[in-house]
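Accompanying notes for the structure given below.
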Amino acid sequence: MKTSREHPSMVDGEVIGNVEVSPNHFRLTLRLPGTFSTPSPGQFVMIRDLERREPLLPRPLSVYGFHREGGYAILVLLYRVAGLGTSLFSRLRSKAFLNVLGPLGRGFSVDCDVRRVILVAGGVGVAPLTFLLREGYSQTNASGKTQTTAYVGARTAELLTGLDRLESFCDLRIATNDGSAGHQGLVTDLVRSDLNGCNPEETFIYGCGPAAMIRSLGLLVRKTAIRCEVSIEERMACGIGACLGCAVAITDGKGLSDYQRVCKEGPVFNILDISPVFFSNE
Amino acid sequence: MKLDKCAINPVGLAVRIGGLQLKNPVMTASGTFGYGQEFAPFCDLKRLGAIVLKGLSLEPRPGNPSPRIMETPCGMLNAVGLQNIGVRAFIAEKMPYLRQIDVAVIANIFGETVDEYRRIAEILSHVDGVDGIEVNISCPNVKKGGIAFGANPDVAADITQKVRGETDLPMIVKLTPNVTDITEIAMAVEAAGADAVSLINTLTGMSVDIERRRPHLANITGGLSGPAVKPVALRMVWQAVHSLKIPVIGIGGISTADDALEFLIAGATAIEIGTANFINPSVTMKVIDGIEEYMTRHGIGRIDELIGSLITDPQQ
Ligand SMILES: Cc1cc2nc3c(=O)[nH]c(=O)nc-3n(C[C@H](O)[C@H](O)[C@H](O)COP(=O)(O)OP(=O)(O)OC[C@H]3O[C@@H](n4cnc5c(N)ncnc54)[C@H](O)[C@@H]3O)c2cc1C
Ligand SMILES: Cc1cc2nc3c(=O)[nH]c(=O)nc-3n(C[C@H](O)[C@H](O)[C@H](O)COP(=O)(O)O)c2cc1C
Ligand code: FES
């Protein structure tokens, strides 16, 4: 069962922190009214500065952390500066306000009977997976019932982000393309070497990262019976299922069968359901 | 709360489109408001003048591959490809919800052939809860090499006539701006029996990713909408108003009450809000409040006094 959706709302969020945690990567903390629904792991929010004319459309960001404090909801996001929208976010200082729409989409399934949890993240893909680990598996991890390994990849060591919040909760394995930290090569190579000996029944893989990473992960998983859910990205306009802009091709295994909305049926999908078409424009 | 507000602020916002009385002139634009339900957490749907639904075809359509959207300066391009669940699934799955809400529901329809338009209109005109039909003639006519139906006055009139023959529901014909002379098409559909026209649909556009030397949209071209198109839309609405007797519904880049007022003053009887719903899902409520506030501030009792009140004579 996927985690259920609560009611989304649109609120003003006050910036209470916006820290550059690694080059071009920021951790943004927003204080929202207490009425904001509690997001489940894998859900996202749409963020916009309503005072600005540009960019026009809000930007989707996954929930990285969430808690309640003194009647407020505290929302934490982790983002990479990718273009105009995120670069404007990076210049925000404390006391600035942003418009927050959420929580949106369908998150990860959490299965408490699982014994082995494998997280596979590329770059800022750590954001939803960190929240998943904390919200979904921290208790079973603490009691020793589940054992979690996080595999995190980036192009170079300095682009590795958000490791601090993962480290304390799980076993961490690193891969960089240039070998400047951890294994030299793809993060999925590391995963492959560790999958041997996993009991498919008791294992759950969660992934988030660039399409190329999701594709290799898909090829790996396809040969096993291990459950695997991934959070994927597509350009969005509304975030609430109305514009049909965020379509992802979903397959029944025989060919293209349907387009689904990343913002509504996703952003989390069973990796085997995603059509190879999704990866073709990378 | 809301009742009190009406009591102290009795401006008359009601407008009439053919036989259809709307509570106010603020409608939603097709394809930007889903089937209404998506916006229920953000809008009091029954306050809307009307909900115009996502375009419906006879059979379900999968739509185009991704990427389907791209932001452009003050606007966006979309190539959703008229994805929809088809008219029958719409009636079975979406109408029960819409029937419960006290709001005018306008079904937007399109076809790949003229006959398909006629058949959808025939089906919808017997559906309880559908209060009007908006006919989208901007889509490509597959049989005529993909040129939009609405680019040719004879074809536009033919569709209008065929749909008219099937339904007594108020019929709005939605015009494409991708033509040389909008008034020619507008007059043709008026003569063929349309109760109103709405305009504009999106302007065809394109955007290129220079690093990858590829189009940003999988479909290569897409429809431009949002604030960027507003001046073009306003000009076309004004031209249409001056060549027609039937009501004109203004669409294009409306994001605020001020934008809506520009269209009303230029002569639009009602307006539709599209892309702005993506930026703020409660924008329609703000626009209704803003129009009301403007009328109170200017001592305008009934919206009819405002519609078409544009002063173009420099001596006045
Ligand atoms: C459900 C979801 C969750 C996301 N979570 C995070 C997150 O937690 N942290 C994070 O850093 N980023 C996340 N993203 C990606 C983020 O939304 C984009 O990087 C951002 O929208 C880019 O906006 P911009 O204005 O800075 O760049 P733009 O100038 O708009 O684009 C810069 C580049 O980013 C690409 N891009 C634009 N929009 C998107 C998009 N919606 N998804 C992916 N790529 C896009 C463009 O194709 C272009 O190559 C998420 C995306 C989705 C769909
Ligand atoms: C994502 C999207 C989907 C649309 N789908 C339809 C549609 O199905 N039928 C239709 O007649 N117009 C459709 N339109 C056009 C809008 O209804 C409207 O005419 C246009 O976007 C201009 O208004 P705006 O600038 O307020 O968005 C669509 C527009 C967008 C942005
Ligand atoms: S972003 Fe609009 S439907 Fe998903």
Exercise. Taking the simple approach of a point 7 Å from Cα along Cα-to-Cβ for both residue A:180 and residue B:128, what is their distance in nm?
Worked result: 6.7 nm
Problem set entry | Area buried, chain A against chain B - accessible surface, total, 1.4 angstrom probe, square angstrom | 2700 Å²
Exercise. What is the P(r) of the range B:182-316, as percent of Cα-Cα pairs per 10 Å bin from 0?
Worked result: 12, 35, 32, 15, 5, 1
Exercise. Between residue A:14 and residue A:222, 0.36 nm times their residue separation minus their Cα-Cα distance comes to what?
Worked result: 70.5 nm
For this session: State whether the range A:134-208 is rounded, prolate or oblate according to the following rule on the C-alpha gyration tensor (a ≥ b ≥ c being the square roots of its eigenvalues): a/c under 1.5 gives rounded; otherwise a/b larger than b/c gives prolate, and the remaining case gives oblate.
Result: oblate
Problem set entry | Kirkwood hydrodynamic radius (C-alpha pairs) into Stokes-Einstein, the range A:9-104, 20 °C and 1.002 mPa s, D in µm²/s | 163 µm²/s
Exercise. Could you give P(r) for the range B:139-258, binned at 5 Å from zero, as whole percent values over all Cα-Cα pairs?
Worked result: 2, 11, 19, 20, 18, 14, 8, 4, 2, 1, 0
Problem set entry | Apportionment of accessible area to carbon and sulfur, chain A, percent (1.4 Å) | 48 percent
Seminar exercise, completed: So for R0 = 41 Å, FRET eff. of residue A:145-residue B:59 from the Cβ-Cβ r, to 0.05, ends up at 0.20
Exercise. Highest mean first, what order results for A:54-65, B:227-238 on Cβ atoms within 10 Å?
Worked result: A:54-65, B:227-238
For this session: Work out the mean other chain Cβ neighbour count within 10 Å for the residues of B:61-68 and drop it here as an integer.
Result: 6
Problem set entry | Mean residue ellipticity (222 nm) of chain A, computed from DSSP H runs ≥ 4 via -39,500 (n - 2.57), nearest 500 | -4500 deg cm²/dmol
For this session: May I ask for log10 I(q)/I(0) of chain A at q = 0.10 Å⁻¹, from a Debye sum over the Cα atoms as equal point scatterers with solvent left out?
Result: -0.49
Exercise. Can you pull the Kirkwood radius for chain B, inverse mean 1/r over Cα pairs, to one decimal in Å?
Worked result: 19.7 Å
Exercise. Where does the charge balance sit around residue A:92 when Lys and Arg score +1, Asp and Glu -1, over other residues with C-beta under 14 Å from its C-beta?
Worked result: +3
For this session: State which entries of B:54/B:162; A:95/B:46; A:145/A:254; A:95/B:286; A:254/B:174; A:95/B:94 exceed 31 angstrom in Cα-Cα distance in the structure shown.
Result: A:95/B:46; A:145/A:254; A:254/B:174; A:95/B:94
Problem set entry | FRET efficiency, 1/(1 + (r/R0)^6) with R0 25 Å, evaluated for residue A:35 and residue A:270 via beta carbons | 0.15
Seminar exercise, completed: Both in Å, the radius of gyration and Dmax of the C-alpha trace of the protein assembly as shown are 25.7, 89
Exercise. Among the Cys residues of chain A, which have no other cysteine Cβ under 4.7 angstrom away?
Worked result: A:112, A:170, A:198, A:208, A:228, A:246, A:263
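The values are calculated or read from the model by the stated rules, or taken from the named source; none is laboratory data. Everything numeric in this text was worked out from a predicted model, so none of it was measured. Methodologically, a virtual Cβ is constructed for each residue, glycine included, from the backbone with ideal geometry; neighbour enumeration extends over all protein chains shown. The accessibility values were calculated without ligands, DNA or RNA, using every heavy atom of the protein model including side chains. Shrake-Rupley method; radii C 1.70, N 1.55, O 1.52, S 1.80 Å.
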